[in-house]
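I have placed the structure first, in the form of C-alpha cells, so that the comments after it can refer back to it.
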Amino acid sequence: MKQYLSLCGLLLALAAQLSTLPLNAQNNWLILQKGNRTKILKPEHMVSIGLIYDIAGDSLDCARQKVEGKVVEVANDSAEIEVVMEEINYTKANEVRENIVSQYPSGKVKMKLPLDEVDYIQYQSETARSLQTFGAFVTMAGVALLVASPVMGLESNGGEFGFNNDRFAGWAKAGLMGVGIGTPMILLGRKRTLHLTPSKKKKKVWAFKLR
C-alpha cells in the first residue's frame with residue numbers, strides 16, 4: 001500500500017507542476033495547414049528547424065541544414081532563431097556526402113531561416129517536456145523497484161533467512177506500475193515533427209497557411 005501511495009503522490013506533484021507552467025501569449029505564431037487540419041506553433045515550442053535547398057555550382061548538388069535553438073521571432077517569410085547547434089549535410093554531384101556539425105554558445109548566434117525552404121519543424125511544448133521528464137523519472141523509479149524487489153522479499157526469522165512472496169509481489173507490482181505509467185508519459189511528451197516537403201514516405205505534408 002505504501003508503494004501505491006508514494007506513486008500517487010508523485011503523480012499529484014506532476015499535476016501541480018503542470019498547473020503552474022507559464023502561458024506566454026505570442027502573436028508571431030506559425031500557422032500550418034494539412035487538409036482540413038490546422039496547427040498553430042508558438043516560437044518557444046519549436047526546438048529545431050530543418051531546411052533543404054539547392055546549391056549553385058558544379059561540385060555541389062544540394063544541402064540539408066538542421067538548426068536547433070530558441071526561436072525568438074517568426075516573420076511572414078522567415079524565422080529568427082538563437083542557434084545552439086547547426087548541422088549541414090552536403091550532397092555533391094558525384095553523390096559523395098559531407099557532414100559538418102557546429103556548436104554555438106547559447107544566445108550568442110542568431111540566424112534568419114527562410115520559411116519557403118523548410119523541410120520539417122520539430123516542436124515540444126513546456127507541458128510535453130515536463131511530462132517527458134517526469135515520465136522518465138517514474139520509469140527509472142519503477143525499474144529500480146523491480147530490480148530491488150527480490151531483495152525486499154528477503155526476511156530473517158530467528159536467525160534463519162526466508163523469502164516473503166507477498167512482500168516481493170507488492171514491490172514488483174509497484175515497479176511494474178511505475179514502468180507502465182512512466183513509459184506512456186515519455187511517449188506522449190516526445191518531440192513532434194511536422195514535415196513540409198513531400199517525399200516517398202511523407203506524401204501528405206503540412207503547408208504554411210496565409211494569415
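Some values worked out for this structure:
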quantity: Karplus (6.51, -1.76, 1.60) ³J(HN,Hα), θ = phi - 60°, over the range 71-76, in Hz, Gly and Pro reported as x; calculated: 6, 9, 7, 10, 9, 5
quantity: Least to most buried among Met185, Met177 (fewest other Cβ within 10 Å first); calculated: Met177, Met185
quantity: Separation of the Arg97 and Ile31 label points, Cα + 7 Å toward Cβ, nm; calculated: 3.7
quantity: Under the Karplus curve 6.51 cos²θ - 1.76 cosθ + 1.60, θ = phi - 60°, whole-Hz ³J(HN,Hα) for the range 120-136, x wherever Gly or Pro sits; calculated: 7, 10, 9, 9, 7, 6, 4, 5, 5, 5, 5, 5, 5, 5, 5, x, 5
quantity: Cross-link table Lys70/Lys191; Lys110/Lys202; Lys39/Lys108, entries beyond 25 Å C-alpha to C-alpha; calculated: Lys110/Lys202; Lys39/Lys108
quantity: Fewest-first sequence of Met140, Met111 by Cβ atoms within 10 Å of each Cβ; calculated: Met140, Met111
quantity: Theoretical FRET efficiency, 1/(1+(r/R0)^6), r = Cβ-Cβ of Met140 and Asp54, R0 45 Å, to 0.05; calculated: 0.50
quantity: Virtual spin-label span in nm between Glu73 and Lys110, 7 Å along Cα→Cβ; calculated: 0.6
quantity: Spacing of the two label points (7 Å from each Cα toward its C-beta) at Lys191 and Arg167, in nm; calculated: 4.5
quantity: Neighbour-count order for Tyr123, Tyr104, fewest beta carbons within 10 angstrom listed first; calculated: Tyr104, Tyr123
quantity: Over 19 Å [Cα-Cα, the range 127-188], rounded percent; calculated: 41
quantity: Separation between Cα centres of the range 126-189 and the range 60-111, rounded to whole Å; calculated: 42
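We did not get these values from a lab; they are worked out from the coordinates using the rules stated. For clarity, every value in this text was computed on a predicted model and none was experimentally measured. Because the Cβ atoms are built from the backbone with ideal geometry, glycine has one as well, and the counts that use them run over all protein chains shown.
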